[in-house]
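Below you'll find the structure, written out as structure tokens, and then a few comments.
Coordinate-derived values only; no laboratory data. The structure presented is a predicted model; accordingly, all values stated were derived computationally and were not measured. Ideal geometry is used to build each Cβ from the backbone, glycine not excepted, and the neighbour counts take in all protein chains shown.
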Amino acid sequence: MERTFVLLKPDCIQRRLAGRILARFEDKGLNLIAMKMLKVTPELSKQHYAEHLSKPFYPALESFITGGPVVACVVEGLEAIRVVRDLLGATSGLKATAGTIRGDFSSSRQMNLVHASDGAEAAAREIALYFRPEELCAYQPTLTPWFRAADEG
């Protein structure tokens with residue numbers, strides 16, 4: 001099983017799309033193993049987006065991500081990192097394919113509703129920023145045999 005980090009951004013929460021988006025992950029057979037609502041502080045924003053600190057768009061990004069509540073999640077499943085990113089679609093909602101989360105609900109590059117880790121290293125780092133190990137609640141749904149064959153993990 002692979003784990004990834006997902007952040008429902010302030011625009012997602014303000015537009016009341018959290019439940020619909022989380023349902024897409026569950027509908028795909030992924031497990032939500034940790035979740036909390038919080039407000040990102042400027043300090044946490046700097047840690048989360050460390051690679052963007054020197055870029056000219058960072059001040060606007062920080063203002064956006066700290067501007068309202070977010071929901072941080074850990075999602076687990078087979079190839080979870082790739083599967084979640086495929087479900088999200090292209091970064092810009094204007095370029096995202098219909099049927100993806102951003103393709104269906106976003107029309108912006110920055111206000112694109114959801115952040116998801118882009119690789120295993122980023123997922124581990126981002127999960128550790130938002131969750132303590134004891135906050136992760138891995139489980140095996142009783143429906144698992146109906147989502148995938150026994151030899152698929």
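Can you sort Ile101, Ile81 so the residue with the fewest Cβ neighbours within 10 Å comes first? Please list the in-between numbers first.
On the way: Ile101 24, Ile81 20.
If I rank by nearby Cβ atoms, fewest first, I get Ile81, Ile101.
For the peptides 87-96, 67-76, 120-129, the ranking by packing is 67-76, 87-96, 120-129, with the highest mean count of neighbouring Cβ atoms within 10 Å listed first.
Using the beta-carbon distance between Asp27 and Asp118 and R0 = 30 Å, what value does 1/(1 + (r/R0)^6) give for FRET efficiency, to the nearest 0.05? Working shown, then result.
Details: r = 22 Å, r/R0 = 0.75.
FRET efficiency, Asp27 to Asp118: 0.85.
Computed per residue of the chain from DSSP H runs no shorter than four, each worth -39500 (n - 2.57), the mean residue ellipticity at 222 nm is -10000 deg cm²/dmol. With Cα atoms as the point set, the chain shows a radius of gyration and Dmax of 15.3, 49 Å. Placing unit charges on the Cβ atoms only, positive for Lys and Arg and negative for Asp and Glu, gives the chain a dipole magnitude near 600 debye about its Cα centre. Within the same chain, lysines fewer than 8 places from Lys46 are excluded, and of the rest, those with a Cα less than 17 Å from its Cα are Lys9, Lys55. Remark: Ser54, Ser45, Ser107 ranked as Ser54, Ser107, Ser45, counting other beta-carbon atoms within 10 Å and listing the fewest first.
Counting other beta carbons within 10 Å of each Cβ, put Asp118, Asp151, Asp11, Asp27 in order, fewest first.
Values: Asp118 13, Asp151 5, Asp11 21, Asp27 9.
Least crowded to most crowded, the residues run Asp151, Asp27, Asp118, Asp11.
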